[in-house]
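Colleague: Quick one: the structure is below, questions incoming.
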Amino acid sequence: MAHADKCYVGKRVKLELLSQDDVRQIHEATLDIIESVGVKFYSQNALDVLEANGASVDPETTVAKIPAAVVEKAMSTVPHEFTLGARNPEYDLPLDGEHIYISSDGCGVFSRDPISGEVRSSRKEDLENCAKVVQALDNVSATSAVVSAQDCPTETRVLHEFDACLRNSEKHNIVVSIKEDWEARSLIRMAEALAGGTEELKLRPMFTAIICTVSPLHQERFGMDLALVLAEAGIPVSFYPMPILGATGPVTIAGSAVVNNAEFISGATLVQLAHPGAKVIHGGGPTAMYMNSGAYASNSPEALLLRSCQGHMADFYGVPAWYGAGATTAKEPGIQSAYENALAMFMAYANGADVTFGTGLLDGSRILCLENMVVDDEIIGVVKRILTGIEVSEETLAVDLIKKMGFNGNYDGWKNAGAKTTTEKAQEKVAEILATPAVPFPADLGAEFDAIIAAAAEEAATV
Amino acid sequence: MAQFYGVPAGLGWGGTKSKQPEAQSAYENTLGMVLELAAGADFLFGAGLLDSAQQMSLEELVIADEVFGMVTRLLRGVAVERETLAVDLIKKLSFKGDYLFEPHTRAHVRALWQARLSETGTYDGWKSAGSPHLEDKARAVADGILASPAPEFPAELDREFNDIIAAAESGRF
């Protein structure tokens, strides 16, 4: 069975969090903001594309005010469905609204020892281990730069992170922290080597790029330059706003949904104008803040509701929805991480998410904890079953069977089995996965990856 | 079905298989709670039980209280109206992330959900507090409650209850 079949939920159960009128109001407010206030772009390439297509650009402030008609024309060319490619086609991921996927999370900086609980700076080997665990889990569909490979040179770190994931897993990969032109070109070469060529990569993109916008209403230079390069290469781009309720967006959820949506729409408009039909994804990891401590509240109810608005907006635009879920604020694996991630994943998928990003980190996306990923894998299985809903038919009603049948339960067993908690069982599973070798990586691809990374390091040294 | 018949719905909930408060009881009870309440339940029956509703756990009860607060906030949903869309405010602040200092923020900030049990501070803060497990924090909350007196029970009701129980025990009913 192909992996995607395990992720099929069909016409899933959805919460009607927003009415059609609510969605339209958020859309219209978004267009109003983009046209009257504009969005600050720091990329000259982006400003040139926008101006050539009817936006009014102020060269001093670098603000582009984009008329609603330009946005609407641009959004009319977005593809509604496409497939994310994987090293092994068995793990290709169709994005069609009927499948749901979770990837590992991104950009953590620490790794937690499962036995001692000690926390240290993250390294490339953590990514290798994480990729092996992702490969082994049925409900986790993609690897990512879950933590930073801080033992690798900064100039080529992104390439080492990709290398670690792809050598240890056959699944799709999520790239987050690309900042330089040589990184983008080198990654595309690595992905082309995996896919088997330039055109093959367009059909089966081996990675998705998450491009963080800066709230409120800023689009960074490297993010936009990168979006343009990747869109041309056929790589899906997920614009990923992260407004914080009451800090970098209004404290009211609907208002921050407008800011979030404006950042997505302005990015999507740019790439559609430059490369009509480019694969875009409505992304984002907006959060709240605990006002008493000022701490980041990645999974407070308001943060979950704000993210849920994105699923509804993505449906409205007919684009895949991809947002943060699973970045528990808990400091250790256990009860809090379980209830927060369960709610986050349920809310995400019941409000239209196709993919969530992601699992595996504690402390608000800072600390890698592989056993927590194993627990999330279990949770997502339960959520999937809930989302498939209830079939009511003659067969499932089983009235004849009920008429025919009459009537029809252990603590001791658990004590005798060693009284293990779910987290302890998950730790054992991680140890078992890490003790087995990774799926073999073709030697010629390995040599090509090494050569591309060496060439990028050389190029970086001359800059 | 309860809505169809126009009667309140009180649903069984919380019969986790877990034998102690842990990750499994947390995700099972949480998913059960949000699903059943979203589907129209008026009340849920079963907070504080473990091991297929055989063991009572005060920690589990305290955890259910925390999760219930989150779920009820989720189910209240998102108000989309002029005040909450805050288009004029977004226009005024444009590219500045200074929402914290706005009257609009002060007016609505108290409506945000506040954690009572969940860990919400920094990692270092949690470490210096002795790295408490959530179940230990829940136990401390329960112990605090047990150390304070229950709400007063009227003396005449107390007598009447005692009389009824005594009567039942002596077989006079």
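The values are calculated or read from the model by the stated rules, or taken from the named source; none is laboratory data. Since this is a predicted model, take the numbers as computed values, not measurements. Cβ placement follows ideal geometry from the backbone for every residue including glycine, while neighbour counts extend to all protein chains displayed.
Colleague: In the set B:Leu93, B:Leu50, which member is in contact with an Asp or Glu (Cβ under 8 Å, 6 or more places away or on another chain), more than 8 Å from chain A (Cβ to nearest Cβ) and crowded, with 20+ Cβ neighbours inside 10 Å?
Modeller: Just one listed residue meets the conditions, B:Leu50.
Colleague: Between a residue in the range B:19-43 that is at the interface with another protein chain (Cβ under 8 Å from one of its Cβ atoms) and any residue that is part of a strand (DSSP E or B), which pairs come within a Cβ distance under 9 Å, given they are 6 or more apart or on different chains?
Modeller: Matching pairs, first to second residue: B:Lys19/B:Leu50; B:Lys19/B:Gln55; B:Gln20/B:Leu50; B:Gln20/B:Gln55; B:Pro21/B:Leu50; B:Ser25/B:Leu50.
Colleague: Provide a single number: the residues in the range A:321-360 that are among the aliphatic types (A, V, I, L, M) and under 13 Å from the mean Cα position of the chain (by Cα).
Modeller: 7
Colleague: I'd like to know if the range A:398-411 contains one or more residues that are modelled with pLDDT under 95, within 7 Å of chain B (Cβ to nearest Cβ) and part of a helix (DSSP H, G or I).
Modeller: Yes; the residues of the range A:398-411 include at least one that is modelled with pLDDT under 95, within 7 Å of chain B (Cβ to nearest Cβ) and part of a helix (DSSP H, G or I).
Colleague: Oh, and also: Among (1) more than 24 Å from the chain's Cα centre (by Cα); (2) on the phi > 0 side of the Ramachandran plot, there is one condition A:Gly364 misses while meeting the rest; what is its number?
Modeller: (1)
Colleague: Of the conditions (1) among the aliphatic types (A, V, I, L, M); (2) more than 8 Å from chain B (Cβ to nearest Cβ); (3) over 18 Å from A:Ala348 (Cα atoms), A:Ile281 satisfies every one except a single condition; which number is it?
Modeller: All conditions pass for A:Ile281, except number (3).
Colleague: If you check A:Ala227, A:Ala209, A:Ala233, which single one turns out to be modelled with pLDDT of 95 or more, hydrophobic (A, V, I, L, M, F, W, C) and surrounded by fewer than 24 Cβ atoms within 10 Å (Cβ to Cβ)?
Modeller: Exactly one residue qualifies, and that residue is A:Ala233.
Colleague: Out of the range A:16-53, which residues are more than 26 Å from the chain's Cα centre (by Cα), surrounded by fewer than 17 Cβ atoms within 10 Å (Cβ to Cβ) and farther than 22 Å from B:Phe95 by Cα?
Modeller: Within the range A:16-53, A:Asp21, A:Ala52 meet the criteria.
Colleague: So, one more: Among residues belonging to the range B:96-108 that are at the interface with another protein chain (Cβ under 7 Å from one of its Cβ atoms) and either in contact with a Phe, Trp or Tyr (Cβ under 6 Å, 6 or more places away or on another chain) or small (Gly, Ala, Ser) (or both), point out the one that is nearest to A:Gln25 (Cα to Cα).
Modeller: It comes out as B:Thr105.
Colleague: Being more than 26 Å from A:Ala69 (Cβ to Cβ), within 16 Å of the chain's Cα centre (by Cα) and not assigned by TED's automatic domain parsing to the domain that holds A:Gly54 is true for just one of A:Ile210, A:Ile281. Which residue is that?
Modeller: So the residue among A:Ile210, A:Ile281 that is more than 26 Å from A:Ala69 (Cβ to Cβ), within 16 Å of the chain's Cα centre (by Cα) and not assigned by TED's automatic domain parsing to the domain that holds A:Gly54 is A:Ile210.
Colleague: Could you tell me whether the range A:370-377 includes any residue that is within 30 Å of B:Ala53 (Cβ to Cβ), surrounded by fewer than 16 Cβ atoms within 10 Å (Cβ to Cβ) and either out of contact with any helix residue (DSSP H, G or I) (no Cβ under 8 Å at 6 or more places or on another chain) or at pLDDT below 90 (or both)?
Modeller: Checked the range A:370-377: no residue is within 30 Å of B:Ala53 (Cβ to Cβ), surrounded by fewer than 16 Cβ atoms within 10 Å (Cβ to Cβ) and either out of contact with any helix residue (DSSP H, G or I) (no Cβ under 8 Å at 6 or more places or on another chain) or at pLDDT below 90 (or both).
Colleague: If you go through the range A:22-57 one residue at a time, how many are of a type in the set (D, E, K, R), out of contact with any strand residue (DSSP E or B) (no Cβ under 8 Å at 6 or more places or on another chain) and more than 21 Å from A:Pro241 (Cβ to Cβ)?
Modeller: Summing the residues that are of a type in the set (D, E, K, R), out of contact with any strand residue (DSSP E or B) (no Cβ under 8 Å at 6 or more places or on another chain) and more than 21 Å from A:Pro241 (Cβ to Cβ) in the range A:22-57 gives 1.
Colleague: I would also like to ask the following. In the range A:239-271, what count of residues is obtained for those that are assigned to a helix (DSSP H, G or I), β-branched (Val, Ile, Thr) and facing chain B (nearest Cβ under 7 Å)?
Modeller: Of the residues in the range A:239-271, 3 are assigned to a helix (DSSP H, G or I), β-branched (Val, Ile, Thr) and facing chain B (nearest Cβ under 7 Å).
Colleague: Could you identify the single residue in A:Leu201, A:Leu187 that is of a type outside the set (Gly, Ala, Ser), under 20 Å from A:Val78 (Cα atoms) and in a helix (DSSP H, G or I)?
Modeller: So the residue among A:Leu201, A:Leu187 that is of a type outside the set (Gly, Ala, Ser), under 20 Å from A:Val78 (Cα atoms) and in a helix (DSSP H, G or I) is A:Leu201.
Colleague: Same structure, new question: Are any residues in the range A:327-373 touching a Pro at 6+ places or on another chain (Cβ under 8 Å) and in a strand (DSSP E or B), and if so, which ones?
Modeller: Answer for the range A:327-373, where residues must be touching a Pro at 6+ places or on another chain (Cβ under 8 Å) and in a strand (DSSP E or B): A:Val355, A:Leu362.
Colleague: Does A:Ser116 satisfy the criteria of being in contact with a strand residue (DSSP E or B) (Cβ under 9 Å, 6 or more places away or on another chain) and in the same structural domain as A:Leu230 (by TED's automatic domain parsing)?
Modeller: Criteria not met by A:Ser116.
Colleague: Moving to a separate point now. Does at least one position in the range A:433-446 carry a residue that is buried (at least 22 other Cβ atoms within 10 Å of the Cβ), touching a helix residue (DSSP H, G or I) at 6+ places or on another chain (Cβ under 6 Å) and assigned to a helix (DSSP H, G or I)?
Modeller: No, the range A:433-446 has no match at all.
Colleague: Please specify each residue of the range A:276-317 satisfying the condition of being among the basic types (Lys, Arg) and in a helix (DSSP H, G or I).
Modeller: A:Arg307 - this is the single residue of the range A:276-317 that is among the basic types (Lys, Arg) and in a helix (DSSP H, G or I).
Colleague: If you don't mind, another one. Just give me the residues in the range A:162-188 being among the basic types (Lys, Arg) and either surrounded by 19 or more Cβ atoms within 10 Å (Cβ to Cβ) or closer than 14 Å to A:Asn88 by Cα (or both), in sequence order.
Modeller: Selection gives A:Arg167, A:Lys171.
Colleague: Pairs under 9 Å by beta carbon, first residue polar (S, T, N, Q) in the range A:355-371, partner modelled with pLDDT under 95 and in a strand (DSSP E or B), six or more apart or different chains?
Modeller: Pairs found: A:Thr356/A:Trp322; A:Thr356/A:Tyr323; A:Ser365/A:Tyr296; A:Ser365/A:Gly358.
Colleague: Further question: Can you tell me which of (1) assigned to a loop (DSSP other than H, G, I, E, B); (2) among the aliphatic types (A, V, I, L, M); (3) surrounded by 19 or more Cβ atoms within 10 Å (Cβ to Cβ) is the one A:Ile102 doesn't meet?
Modeller: Every listed condition holds for A:Ile102 apart from (1).
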